[in-house]
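Values quoted throughout were computed directly from the atomic coordinates according to the rules given, and no laboratory measurement underlies them. As the structure is a computational prediction, the values presented were derived from the model and not from experiment.
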Amino acid sequence: MIWQLVSPKDQRIYKIIELLFDSDQTVTINTIAKETNSSIRTIKYELTDLKKFLSVYNGRLISSFDGIIMELPAHIGIDVF
């Protein structure tokens, strides 16, 4: 019910955070796109915004050939988002 008050973009970004936070391995853009029912292009835009957002918390996204992993300071949990 409360998700109806949250914009689709913010819902996608939260889902991306959740996917990356819960994973102990890299996650591909294709997987993120599939899980969020979004295009790869949309996910790339969202990841750019997410990088800026995470920098506020001294976090970052690390991209490699295998995919993406989110790195956060130890004191930052999913509840921050």
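So if I take the alpha carbon set of the chain, get Rg, then get Rh from the Kirkwood formula, what is the Rg over Rh ratio?
Numbers: Rg = 12.2 Å, Rh = 13.0 Å.
Over the Cα atoms of the chain, Rg/Rh equals 0.94.
Along the stretch 4-13 the Karplus relation, 6.51 cos²θ - 1.76 cosθ + 1.60 evaluated at θ = phi - 60°, assigns HN-Hα couplings of 5, 8, 9, 4, x, 4, 5, 5, 4, 4 Hz to successive residues, with x for each Gly and Pro. Per residue, the chain reaches -15500 deg cm²/dmol at 222 nm when only DSSP H runs of four or more residues are counted, each adding -39500 (n - 2.57). Evaluating 6.51 cos²θ - 1.76 cosθ + 1.60 at θ = phi - 60° for every residue in the stretch 52-60, the Karplus couplings come out as 5, 4, 5, 4, 4, 9, 6, x, 7 Hz, glycine and proline recorded as x.
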